[in-house]
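Notes for the one structure printed next.
The values are calculated or read from the model by the stated rules, or taken from the named source; none is laboratory data. Fair warning: this is a prediction, and the values are worked out from it, not measured in the lab. Ideal geometry is used to build each Cβ from the backbone, glycine not excepted, and the neighbour counts take in all protein chains shown. Accessible surface areas use protein heavy atoms only, side chains included; no ligands, DNA or RNA. Shrake-Rupley method; radii C 1.70, N 1.55, O 1.52, S 1.80 Å.
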Amino acid sequence: MSSNIRVKRICEQCGDEFEARTTVTKTCSDTCAKRAYKARQRAAKVTVSNEQTRRIITKPLDDIRAKENLNIADASKLLGVSRWTIWRAIRSGNLHAVKLGRRTLIRRSDIDRLFETPTFTQKPTPAPVALVDCYTMKEIQEKYGISEKALYTLIQRNGIPKQYKGPYAYVPKVRIDELLIATQL
């Protein structure tokens with residue numbers, strides 16, 4: 001359907017200016033029309049391919065979401081955390097798991113429940129002890145004849161608070177004396 005109108009347009013394919021005879025013309029020539037068609041077909045194929053790739057990538061997660069009981073590896077993929085994080089949650093009692101033979105299974109409902117109840121609690125910070133009532137690490141090593149590694153392990157295992165002043169770390173004398181005198185007896 002041609003008309004007697006003449007409209008100035010820019011070709012969508014090559015970008016040249018042309019005179020169109022209809023208001024819906026988008027390209028300047030048959031060659032540009034064919035190239036534009038091929039570009040649209042390529043774009044459609046790329047879109048389909050991207051959609052298939054997205055489905056392939058999300059399929060394992062969809063399969064995991066459909067399961068009622070998950071093993072440690074599946075639970076870690078579902079939550080996006082490491083396997084050790086799942087094990088720590090099980091050991092701390094935040095996540096319930098069942099051992100069947102050599103497999104450890106976690107119910108999907110237990111994972112969902114994990115997010116319903118907040119498990120994060122901030123530990124209260126102990127009141128600082130005056131530095132005159134504290135030992136430095138060097139003083140403890142000299143007084144009790146303990147190695148540096150053993151001392152740091154003891155402090156960490158028993159949750160003894162440390163205070164820092166300059167380059168020195170201080171720990172309460174009372175707590176250290178309780179622990180180390182008891183071990184010397």
- prompt: Does residue 36 fit the bill of being in a helix (DSSP H, G or I), small (Gly, Ala, Ser), surrounded by 12 or more Cβ atoms within 10 Å (Cβ to Cβ) and assigned by the TED database to the domain that holds residue 15?
  reply: yes
message: So, in region 58-78, how many residues would count as being of a type in the set (Ser, Thr, Tyr) and at pLDDT 85 or above?
response: 1
Enumeration of residues in region 82-97 that are within 14 Å of residue 114 (Cα to Cα), assigned to a loop (DSSP other than H, G, I, E, B) and either open to solvent by less than 60 Å² (accessible area, probe 1.4 Å) or free of Cβ contacts under 8 Å to residues at least 12 places away in the same chain (or both): 93, 95, 97
- request: Report yes if residue 42 is surrounded by fewer than 10 Cβ atoms within 10 Å (Cβ to Cβ) and out of contact with any strand residue (DSSP E or B) (no Cβ under 8 Å at 6 or more places or on another chain), otherwise no.
  value: no
field: Matching option when the condition is open to solvent by less than 100 Å² (accessible area, probe 1.4 Å), at pLDDT 90 or above and in the same structural domain as residue 171 (by the TED database), among 105, 154
entry: 154
